[in-house]
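In what follows, a structure is listed as structure tokens, so that the remarks can point back to it.
All of the numbers you see were taken from the coordinates with simple rules; none came from a lab. Note that the structure is a prediction, hence the values are computed from the model and not measured. Cβ coordinates were reconstructed from backbone atoms using ideal geometry, including for glycine residues, and neighbour counts include every protein chain displayed.
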């Protein structure tokens, strides 16, 4: 028995099976994972690892375990999507931990959260003073959503009665020295216009540009390969290997 | 066409994996004339029972050769332990035949047969 060869073949089976199942299951972003999704991912990964290296049992039995976990995960996802009630039971629901500026001690106790945990989550949201918070909700994925008191909200253009043109999403029009004509056409511009803009910045060819983006508001960003920076600023605080 | 490929490639890949993992049912054989493990074991059992030790030795050689062939093609769908246990049984059988030890030879043969049945099950 060529153990290395068998492990190699099993690794291929486990890798691509995992990839396919993850593509089917993994619609949600990592940051949106609930605790159960996290455990599900770890378990499926662990079964795949055992499938690869545990030669004392057949690959088939591990693979059946893998597909069963993936199928159950998919079933849970489907049930949560179809029934709000099931979703609440399985995924939990958002819990208000600060209401009208007051900490809900009972809710915290129920969720086994300490006030210090809430303060940590608030700081990660750039809130260092709890008195700024009107409402804080712990989401099923463990993240904290915060609504500040009106007096601590950032001033918006609407508050100042200022009209701002919509900037839209910027699109790449040159990427790695290559012109992306489709994006340029979508923004209703042509190559002649772009070359004119490049010439104004002292650029004679598209190949000199590393990245150029343009938004609907007409704001053009250009970064050349040659940045004319002799010594980049070093932000490290001690000498490292590089 | 693109949608078809996006769906067909994973389905084909999974089907291929299942085929490789369950291939023992048809790779267990016999596929050629000289890789019938069950028949080889039965032959050696008969030889040992009748005390034909030279014939038993020759048939153990062919059993060993057949086993090497089958183990090679079954390794992706069978358990390592069962394969190793079967190989050990053949080695012990050789010793028992050399010493003309009927009871030990029969024990090893029936154990080998049990391993053969269990491989890839």
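If you sort the three axes of the alpha carbon gyration tensor as a ≥ b ≥ c, you get a/c of 1.5 or more for the stretch A:4-111 and a/b above b/c, which makes it prolate. What whole-number distance in Å separates the alpha-carbon centres of the stretch A:105-150 and the stretch A:196-212? Going from one Cα centre to the other spans 48 Å. Between helix B:80-98 and chain B, what is the angle of the helix's C-alpha long axis to the longest principal axis, kept within 0 to 90° and rounded to the nearest 10? The angle comes out at about 20 degrees.
When only Cα pairs below 8 angstrom with a gap of at least 6 residues are kept, chain B shows a relative contact order of 29 percent.
Report the residue, chosen from A:100, A:154, A:183, that carries the largest GNM mean-square fluctuation when chain A is represented by alpha-carbon nodes joined by springs under 10 Å. Between A:100, A:154, A:183, it is A:183 that shows the largest mean-square fluctuation.
Using only atoms on other chains, find how many Cβ atoms lie within 10 Å of each Cβ of peptide A:54-63 and report the average. Intermediate values should be presented prior to the final figure.
Working: counts 2, 7, 5, 5, 12, 8, 10, 2, 1, 6.
The per-residue average across the peptide is 6.
The angle separating the long axis of helix B:2-21 from the principal Cα axis of greatest extent in chain B is about 10 degrees. Our estimate of slack between residue A:71 and residue A:109, defined as 0.36 nm per intervening residue step minus the Cα-Cα distance, is 10.2 nm.
Going by the alpha-carbon gyration tensor, a ≥ b ≥ c the square roots of its eigenvalues, is the protein assembly as shown rounded (a/c under 1.5) or, if a/c is not under 1.5, prolate (a/b greater than b/c) versus oblate? It comes out prolate by the Cα gyration axes. Among A:121, A:51, B:19, the order by Cβ neighbours within 10 angstrom, fewest to most, reads B:19, A:121, A:51.
For a footprinting-style exposure proxy, rank A:62, A:2 by other Cβ within 10 Å, fewest first.
The order, fewest Cβ neighbours first, is A:2, A:62.
Computed from Cα atoms, the angle from the helix B:37-49 axis to the main principal axis of chain B rounds to 10 degrees.
Mind telling me which of B:102, B:33, B:69 comes out most flexible in a GNM of chain B, alpha-carbon contacts under 10 Å? Taking springs between Cα atoms under 10 Å, the residue moving most is B:33. Judged by the ratio a/c of the largest to the smallest principal axis of the C-alpha gyration tensor, the stretch A:121-174 counts as oblate, that ratio being 1.5 or greater while a/b is no larger than b/c. Here the contact order of the stretch A:3-88, divided by its residue count and restricted to Cα pairs under 8 Å and six or more residues apart, works out to 34 percent. Springs between Cα atoms under 10 Å define the GNM used for chain A, and in it the highest mean-square fluctuation of A:85, A:38, A:225 occurs at A:225.
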